[in-house]
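A.B. asks: The following block contains the structure, expressed as structure tokens.
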Amino acid sequence: MANRDVVAGVDIGNSTTEAVLMRVRDGHCDFLSYAMIPTTGVKGTRENKTGVIAALKQGAKDAGLSLSDIDEVLINEATPVISELSTDVISQTTIIGSVMIGHNPDTPGGNGIGVGYTHDVKSLHLCNKTDDYIAVVDASVDFEEAAKLINRAFDDGISVTGIICKKDDGVLIANRLSVTLPIVDEVMQIEKIPFGKLAAVEVASESGTIKVLSNPYGIAGIFKLTPEETKSVIPISKSLIGLRSGVVINNDEGGVKTQEIPVGNIYIYGTGGDFSVPVSQGADKITETVLKSGDIFDIAGEKNTNTGNSFERIKRRMADLTGQMADSIKISDLSATDTLAPMKVSGGLANEYAMESVVMLSSMVKTSHLPMKQIADVVTDEIGVNVSIMGKEADNAIIGALTTSGADTPLAILDLGGGSTDAALMDQQGNIKSVHTAGAGEMVTTIIDLELALSDRDTAELIKRYPLARVETFNMLRFEDQTVKFTKEQLPPELYKRVVILTEDKMIPIRKKNLTMEQIAVIRKEAKRKVFVQNALKALTKIAPDGNLRNIQFVVMVGGSALDFEVPDLINEALSKYNIVAGRGNVLGKFGPRAAVAAGLVLGQYSKQIRLGGESI
Ligand code: ADP
Ligand code: MG
């Protein structure tokens, strides 16, 4: 190579593609520029080239150069992590017969709780005057007519205590009644509601949640249930927690049950032996088995089960994307997390869902060297620069991390990324040992999205990154630590009583109702703990001298998730038991935890100060 060449290191991550440009001469590397672009396509596939070229262009521009001034490009060996997130349900709520459970229409009417016998609104006049009734309004009756029929029943001395209706008419009916009644609307399959059964309808006041039906003893009190029967309504009450309205019908022919469904076994083949573990035993058992397996050659699932299909899907997808045979795609690590996800309740009447236990699986996929070569070749073709593939991410990340002032060998790092949590250790001789474990920031975002039932990844990502507050009055904010702040300017009225995400410059209201600031904060923190603390311990144990964490004193944290406002603290808390202190890196003295792999690619190759050994695991 010439004496004053421009070399670019490009780190293709699951989330981000980062480029560092340096001018290289006589064993010295001078920093020129840094660029960051979202990764295009699945990491480790041909589509990555668009992001790589965009990052190089940006880097060249910032360095006052053009693309053709770059003499060499070094890219990392990219190992993708694919998460199959919500398929492995281990419990499922099924409604038999026609008991309706939790239902959360946007605009129920009235409020309070009503208990009575279900009765068609059209024949309310036939009711006796001693019992209480719940009026059932199907699609053939409009809101004017329904209100008229119910008001007439009142006049006749018939006691109507609540209303269930098919259309979104709750508020319209409520406004036309002479008495306030709880009304649950948007009950899609109202035809399935049996008449003459005792039922309870509950609607909470605005911004509140129902209290009676979400408590099994509340339901037991209403329907005079035996202790045995009370047990059987636990799934009903559980699915009503946090909702604004709900209906429970005591249909002796029906019932609700939560059953475990077979989801199959996971088969792990590793240096430690071949193991099998049922997914239904949950994340801890799966993690334990993964650890026992040593270095993993491959992972598969039991044929014709959710699990088997899920691993097959991952392999087939990667095979399609890289043009390889599915047989040659191997899974080299698996991370499992217990979580809750909203699942449609089968047999429900209003598209109800219940929060079910699921195991989220994140798999690290190992393809052959071929796809990386394809990426290198297309980039070479497009920009006419030699592209070489230079070793593992973690090996480069540790070299990058060494540029943090004060850092010296022996050094351990954690690279907390989007798809994977990697760890590496460099001894005083410069020998590196590194590991790659599945599961990181993207998994955290997915857990937040699922457990809060947001179906909105962008909001989940914001919840992960920023703290919350509650707008209590037009000029008062309450923060997560319960401190309050009075604002000089009036807060926008649409934020009133809402939980907001506090970004650097904005307050973003969380649209989904019925979520308290405290609930969201607990789920957010737990998601981070489940993914990052578990993976940090697992990865560091694998690289620690003699497999003993106590042989590590200091860990430098790099990667996008090291920017998180809670993750470094949670990791430190867990590591403090082993007398390890973890601190955020500051790559090249200015990029914080970013750019470690990209900078490490160039430094590892061309800087004389940093020696490179060979060993890796
Ligand atoms: P990869 O190398 O896998 O592409 P990165 O090191 O770029 O990953 O990190 C990406 C992850 O970092 C994403 O999950 C993203 O949500 C997370 N992240 C980025 N910035 C922040 C931040 N300020 N707070 C918390 N997480 C962040
Ligand atoms: Mg990375």
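The values are calculated or read from the model by the stated rules, or taken from the named source; none is laboratory data. Quick caveat: nothing in here was measured; it's all calculated off a predicted structure. Note that each Cβ is placed from the backbone with ideal geometry, even for glycine, and that neighbours are counted across all protein chains shown. Just so you know, the surface numbers come from the protein's heavy atoms only, side chains and all, with ligands and any DNA or RNA stripped out. Shrake-Rupley method; radii C 1.70, N 1.55, O 1.52, S 1.80 Å.
A.B. asks: Filter region 486-496 down to the residues that are open to solvent by 100 Å² or more (accessible area, probe 1.4 Å) and not in a strand (DSSP E or B) and list them by number.
C.D. replies: Result: LYS488, GLU489, GLN490, PRO493, GLU494, TYR496.
A.B. asks: For region 519-546: of the residues being without any contact (Cβ under 8 Å) to a residue 60 or more places away in the chain and open to solvent by less than 40 Å² (accessible area, probe 1.4 Å), which is farthest from the chain's Cα centre (by Cα)?
C.D. replies: Per the criteria, the residue is VAL533.
A.B. asks: Go through region 388-431 and give me each residue that's buried (at least 24 other Cβ atoms within 10 Å of the Cβ), assigned to a strand (DSSP E or B) and more than 16 Å from ligand 2 (Cβ to nearest atom).
C.D. replies: Passing the criteria: ALA412, LEU425, MET426.
A.B. asks: Which condition from (1) charged (D, E, K, R); (2) within 24 Å of the chain's Cα centre (by Cα); (3) more than 22 Å from THR541 (Cβ to Cβ) is the one that ASP333 breaks?
C.D. replies: (3)
A.B. asks: Another one. Scanning region 577-603 for residues that are touching a helix residue (DSSP H, G or I) at 6+ places or on another chain (Cβ under 6 Å) and within 12 Å of ligand 1 (Cβ to nearest atom), which turns out most open to solvent (accessible area, probe 1.4 Å)?
C.D. replies: Restricting to residues being touching a helix residue (DSSP H, G or I) at 6+ places or on another chain (Cβ under 6 Å) and within 12 Å of ligand 1 (Cβ to nearest atom), the top hit is ARG584.
A.B. asks: Looking at the structure I just gave you, is SER33 among the polar types (S, T, N, Q) and more than 16 Å from ligand 1 (Cβ to nearest atom)? Don't jump to the end; show me each part of the working.
C.D. replies: Details: among the polar types (S, T, N, Q): yes; more than 16 Å from ligand 1 (Cβ to nearest atom): yes.
The answer is yes for SER33.
Each row is one residue, and each column tells you yes or no for (1) away from ligand 2 (no atom under 16 Å from the Cβ); (2) open to solvent by less than 40 Å² (accessible area, probe 1.4 Å); (3) under 36 Å from the mean Cα position of the chain (by Cα).
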{"residue": "ASP11", "(1), (2), (3)": "no, yes, yes"}
{"residue": "VAL24", "(1), (2), (3)": "yes, yes, no"}
{"residue": "GLY27", "(1), (2), (3)": "yes, yes, no"}
{"residue": "ASP30", "(1), (2), (3)": "yes, no, no"}
{"residue": "TYR34", "(1), (2), (3)": "no, no, yes"}
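A.B. asks: Applying the selection to region 452-468, what residues are touching a helix residue (DSSP H, G or I) at 6+ places or on another chain (Cβ under 9 Å) and not hydrophobic (A, V, I, L, M, F, W, C)? Reasoning before the result, please.
C.D. replies: Filtering region 452-468 for residues touching a helix residue (DSSP H, G or I) at 6+ places or on another chain (Cβ under 9 Å) gives 452, 454-457, 459-461, 463-465, 467-468.
Of everything in region 452-468, those that are touching a helix residue (DSSP H, G or I) at 6+ places or on another chain (Cβ under 9 Å) and not hydrophobic (A, V, I, L, M, F, W, C) turn out to be SER455, ASP456, ARG457, THR459, GLU461, LYS464, ARG465, PRO467.
A.B. asks: Also: If PHE554 meets every condition in (1) touching a strand residue (DSSP E or B) at 6+ places or on another chain (Cβ under 8 Å); (2) within 12 Å of ligand 1 (Cβ to nearest atom) apart from one, which number is that one?
C.D. replies: Single failed check for PHE554: (2).
A.B. asks: Go through (1) open to solvent by 40 Å² or more (accessible area, probe 1.4 Å); (2) closer than 26 Å to VAL587 by Cα for LEU370 and report which single condition fails.
C.D. replies: (2)
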